[in-house]
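Colleague: Quick one: the structure is below, questions incoming.
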Protein chains: 2
Amino acid sequence: MSSEFTLINDYFHWDTRHPSVLMGVGDDAAILQPPEKKHLIVSSDTFIEGVHFPKGTAAHAIGHKALAVNLSDLAAMGADPAWFTLALTLPEVDDTWLHDFSSGLKELANQFSIDLVGGDTTRGSLSITITAIGFADEKQVLQRSTAVAGDSIYVTGELGAAAAGLAHLQERVQLDERTAEQCQQQLDYPIPRNAESVIIRKFASSCIDISDGFLADLQHILDASELGAVIQLQDLPIMKSLKSYDSTEIQNFALRGGDDYELLFTIPETNVDAFEQAIQQSNMMCYCVGHIDAAIHGIQSDNQQVLSATGYNHFNENTS
Amino acid sequence: MSSEFTLINDYFHWDTRHPSVLMGVGDDAAILQPPEKKHLIVSSDTFIEGVHFPKGTAAHAIGHKALAVNLSDLAAMGADPAWFTLALTLPEVDDTWLHDFSSGLKELANQFSIDLVGGDTTRGSLSITITAIGFADEKQVLQRSTAVAGDSIYVTGELGAAAAGLAHLQERVQLDERTAEQCQQQLDYPIPRNAESVIIRKFASSCIDISDGFLADLQHILDASELGAVIQLQDLPIMKSLKSYDSTEIQNFALRGGDDYELLFTIPETNVDAFEQAIQQSNMMCYCVGHIDAAIHGIQSDNQQVLSATGYNHFNENTS
């Protein structure tokens, strides 16, 4: 690789925080000391312009979001963030872009105490692959396949704002300036729910993060657990300022829009009271939106309407 | 991501071999149990068409080589392969390509006992990022920065054949058919030196793998160790069938061509005899090519010619 591209690495030589990092960026590979008696959770996500974020997205937001979606995967598994590697492919060396991208990445990394330990920079179409590694207690790992009939279904925050922000950007809806800004913020700067995960993992039976959309990701839990679910549509948490818009459209964003990066999880009946108490003590935003039901195939609303995950694909060329 | 791309994952649902893999491909992230008292070695490499391999490279070879370069990084660190993630970006879904690519990847993964534990598939320009994780004993981790004056410099195999193969492909040299085939094999199917690493790590003071070229990678050791080196040019191991070609050109490939994926390492004087014995017992290919010298700045030949790593950039547009 040309020296120009080797220089890019200078943007990513940050001090590491964890004593587990014996050697980070700089050699052929990182040297790490995993803690004893913990599981390692490993997640890889690729982030491509025009597929995972619209062209024109600010470099600072790209840096934030590329790491946020991986932190969100760790949160969904019940793991605490530890280390990540960055594979960055760029069409050209642009110092302003690199400065902004690395700032967005670094601010989130510092906030969530995850250390950059290695990576690679190459020339090509803009693409970012992050591999994030976290630690989890054996008894608190959260999976998709372990929901049980009767469990309550919760989400950690409001749904549909990122999809509304994208729709506004693509002129498919027309939001007022302030609401558009709030939705754009949700689209560009999702906050991964790793702090909430620390509480949730003590009570939950299963968990996933919402990237594909509430219904699609709930369906992943249902498929893996071989169960159905009932959702109270009126309980879906939706940003206040979005409620004045066409309710069918907004509900569609909340159910199918995706890119929310909220946690979607199930709490067994015997844990619900204790979990509700934990929510209040922590001031965590958390909403019960339905329950797991063994008698139902797929997902239904409380008035027995079938709720299908399909019918909406964000970022696809044929989005209408 | 479209369902078409979700289906790609079917190519990569392989059985895992290590009991350390509690859950592999399928959930938001893999769940792994690292061994106690071992270091983790983590390496990420991106592999892009037209940059890291020529357009037209067979999919089977791409699958092999994308993993081989990461296995080579683990070997250079003194680590045994354990797990890897695959981030695969493709312009379109092509079943023949995917079949061949996954076969090339899987054959090498099985041969070196490394388990695919997760990843991501997306649509875009062809690009492969592999993050490989290995285990190493604390006392046998090999770094670049720990060479010592007087150490002997070794390489594990012959140099320059991959660069000669590429030059033939690009019609910069004209090789006979049989030699061209041998060189093409070295270019497409490098064998990572993980088996050799098991022996080398017991004796070596420093190590790197040759990806940028013998001189460039030796310079990385010298920079990190703040030392110089003397190389006996006549001892550079070169494939027999290449020796009938222009010797300046062939020596240039061996010194600066890169893509060899041989290990380049240093053995302290006190270990040389025991190491030479170990080489003979194991039938390992290994050649002593020089020594570390504190009195020299940079790299010199034994007739005091300065050897510069620059002057040759493979795959670059302006390669001449």
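Colleague: Could you grab me the full set of residues in region B:189-215 that are in a helix (DSSP H, G or I) and at pLDDT below 95?
Modeller: So in region B:189-215, the residues in a helix (DSSP H, G or I) come out as B:194-200, B:214-215.
Result: no residue meets the conditions.
Colleague: With respect to A:Phe265, is the statement that it is outside any helix (DSSP H, G or I) and touching a residue at least 40 places away in the same chain (Cβ under 8 Å) true? Let's see the steps before the verdict.
Modeller: Numbers: outside any helix (DSSP H, G or I): yes; touching a residue at least 40 places away in the same chain (Cβ under 8 Å): yes.
Answer is yes for this residue.
Colleague: Let me ask something else about it. Quick check: is even one residue across region B:189-203 aliphatic (A, V, I, L, M), closer than 29 Å to B:Phe135 by Cα and surrounded by 22 or more Cβ atoms within 10 Å (Cβ to Cβ)?
Modeller: Checked against the condition, which is being aliphatic (A, V, I, L, M), closer than 29 Å to B:Phe135 by Cα and surrounded by 22 or more Cβ atoms within 10 Å (Cβ to Cβ), region B:189-203 yields at least one hit.
Yes or no, residue by residue, for (1) over 29 Å from B:His220 (Cα atoms); (2) touching a Leu at 6+ places or on another chain (Cβ under 8 Å):
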{"position": "A:Asp45", "(1), (2)": "yes, no"}
{"position": "A:Ala66", "(1), (2)": "yes, yes"}
{"position": "A:Val69", "(1), (2)": "yes, no"}
{"position": "A:Ala75", "(1), (2)": "yes, yes"}
{"position": "A:Leu86", "(1), (2)": "no, yes"}
{"position": "A:Leu90", "(1), (2)": "no, yes"}
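Colleague: Restricting the search to region B:69-106, which residues are assigned to a loop (DSSP other than H, G, I, E, B) and open to solvent by 10 Å² or more (accessible area, probe 1.4 Å)?
Modeller: Of the residues in region B:69-106, the ones assigned to a loop (DSSP other than H, G, I, E, B) are B:78-79, B:91-94.
Passing the criteria: B:Pro91, B:Glu92, B:Val93, B:Asp94.
Colleague: Filter region B:142-168 down to the residues that are open to solvent by less than 30 Å² (accessible area, probe 1.4 Å) and assigned to a loop (DSSP other than H, G, I, E, B), then identify the one that is farthest from the other protein chains (Cβ to nearest Cβ). Walk me through it before giving the result.
Modeller: Within region B:142-168, the first condition is being open to solvent by less than 30 Å² (accessible area, probe 1.4 Å), and the residues that meet it are B:142, B:147, B:150-157, B:159-167.
Filter once more, keeping what is assigned to a loop (DSSP other than H, G, I, E, B): B:142, B:147, B:150-151, B:156-157, B:159-160.
Details: B:Leu142: 9, B:Ala147: 13, B:Gly150: 23, B:Asp151: 18, B:Thr156: 15, B:Gly157: 18, B:Leu159: 18, B:Gly160: 20 Å.
The residue in question is B:Gly150.
Colleague: Let me ask something else. Within the set of pairs 6+ apart or on separate chains, which have a first residue in region A:216-235 that is within 11 Å of A:Ser301 (Cβ to Cβ) and assigned by TED's automatic domain parsing to the domain that holds A:His291, a second that is open to solvent by less than 20 Å² (accessible area, probe 1.4 Å) and aromatic (Phe, Trp, Tyr), and C-beta atoms under 9 Å apart?
Modeller: Sorted first by the residue in region A:216-235, then by its partner, the pairs are A:Ile231/A:Phe214.
Colleague: Same structure, new question: Restricting the search to region B:240-293, which residues are of a type in the set (S, T, N, Q), open to solvent by 60 Å² or more (accessible area, probe 1.4 Å) and more than 27 Å from B:Arg178 (Cα to Cα)?
Modeller: Once the filter is applied, which keeps residues that are of a type in the set (S, T, N, Q), open to solvent by 60 Å² or more (accessible area, probe 1.4 Å) and more than 27 Å from B:Arg178 (Cα to Cα), region B:240-293 yields B:Thr270, B:Gln277, B:Gln280, B:Gln281.
Colleague: Which is closer than 30 Å to A:Val141 by Cα and touching a Phe, Trp or Tyr at 6+ places or on another chain (Cβ under 6 Å), of A:Ala195, A:Ala204, A:Ala161? Before the answer, list the steps.
Modeller: Working: A:Ala195 fails: touching a Phe, Trp or Tyr at 6+ places or on another chain (Cβ under 6 Å); A:Ala161 fails: touching a Phe, Trp or Tyr at 6+ places or on another chain (Cβ under 6 Å).
Exactly one residue qualifies, and that residue is A:Ala204.
Colleague: Next question. Residue by residue through region A:95-123, note down the ones that are under 21 Å from the mean Cα position of the chain (by Cα), within 25 Å of B:Ile130 (Cβ to Cβ) and of a type in the set (S, T, N, Q).
Modeller: Correct list: A:Ser102 only.
Colleague: Restricting region A:112-122 to residues that are touching a Phe, Trp or Tyr at 6+ places or on another chain (Cβ under 8 Å) and not small (Gly, Ala, Ser), which is farthest from the other protein chains (Cβ to nearest Cβ)?
Modeller: A:Ile114
Colleague: Which of (1) open to solvent by 10 Å² or more (accessible area, probe 1.4 Å); (2) out of contact with any Leu (no Cβ under 6 Å at 6 or more places or on another chain) does A:Gly119 not meet, given it meets every other one?
Modeller: If we test A:Gly119 against (1) open to solvent by 10 Å² or more (accessible area, probe 1.4 Å); (2) out of contact with any Leu (no Cβ under 6 Å at 6 or more places or on another chain), just (2) comes out false.
Colleague: Test A:Lys37 against the criterion of being more than 18 Å from the chain's Cα centre (by Cα), over 30 Å from A:Ala167 (Cα atoms) and surrounded by fewer than 18 Cβ atoms within 10 Å (Cβ to Cβ), and give yes or no.
Modeller: Yes, satisfied.
Colleague: Here is a follow-up. Mind telling me which of the residues B:Ala180, B:Ala204, B:Ala161 ends up being farther than 13 Å from B:Ala76 by Cβ and touching a residue at least 60 places away in the same chain (Cβ under 8 Å)?
Modeller: Numbers: B:Ala180 fails: touching a residue at least 60 places away in the same chain (Cβ under 8 Å); B:Ala204 fails: farther than 13 Å from B:Ala76 by Cβ.
When all the criteria are applied, what remains is B:Ala161.
Colleague: Quickly run through region B:82-106 and pick out the residues that are at the interface with chain A (Cβ under 10 Å from one of its Cβ atoms), of a type in the set (Val, Ile, Thr) and farther than 17 Å from B:Arg17 by Cβ.
Modeller: Once the filter is applied, which keeps residues that are at the interface with chain A (Cβ under 10 Å from one of its Cβ atoms), of a type in the set (Val, Ile, Thr) and farther than 17 Å from B:Arg17 by Cβ, region B:82-106 yields only B:Thr89.
Colleague: While we're on this one: Consider B:Ser225 against the criteria (1) open to solvent by 10 Å² or more (accessible area, probe 1.4 Å); (2) touching a Pro at 6+ places or on another chain (Cβ under 9 Å): it satisfies all of them except one. Which criterion is unmet?
Modeller: (2)
Okay, residues lined up against (1) in a helix (DSSP H, G or I); (2) farther than 18 Å from B:Ile114 by Cβ:
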site	(1), (2)
B:Ile31	no, no
B:Pro35	no, no
B:Ser44	no, no
B:Ile48	no, yes
B:Gly56	no, yes
B:His60	yes, no
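Colleague: When you look at A:Ala109, is it open to solvent by less than 10 Å² (accessible area, probe 1.4 Å) and within 13 Å of chain B (Cβ to nearest Cβ), yes or no?
Modeller: Details: open to solvent by less than 10 Å² (accessible area, probe 1.4 Å): yes; within 13 Å of chain B (Cβ to nearest Cβ): no.
Criteria not met by A:Ala109.
Colleague: Considering only region A:223-241, how many residues are within 14 Å of chain B (Cβ to nearest Cβ) and in contact with a strand residue (DSSP E or B) (Cβ under 7 Å, 6 or more places away or on another chain)?
Modeller: Taking region A:223-241 as the starting set, the residues that turn out to be within 14 Å of chain B (Cβ to nearest Cβ) are A:223-225.
Filter again for in contact with a strand residue (DSSP E or B) (Cβ under 7 Å, 6 or more places away or on another chain), leaving A:225.
Number of matching residues: 1.
The values are calculated or read from the model by the stated rules, or taken from the named source; none is laboratory data. Not measured: the values here are computed from a predicted model. All Cβ positions, glycine included, derive from the backbone under ideal geometry; neighbour counts span all protein chains shown. All accessible areas refer to the heavy atoms of the entire protein, side chains included, with ligands and DNA or RNA removed. Shrake-Rupley method; radii C 1.70, N 1.55, O 1.52, S 1.80 Å.
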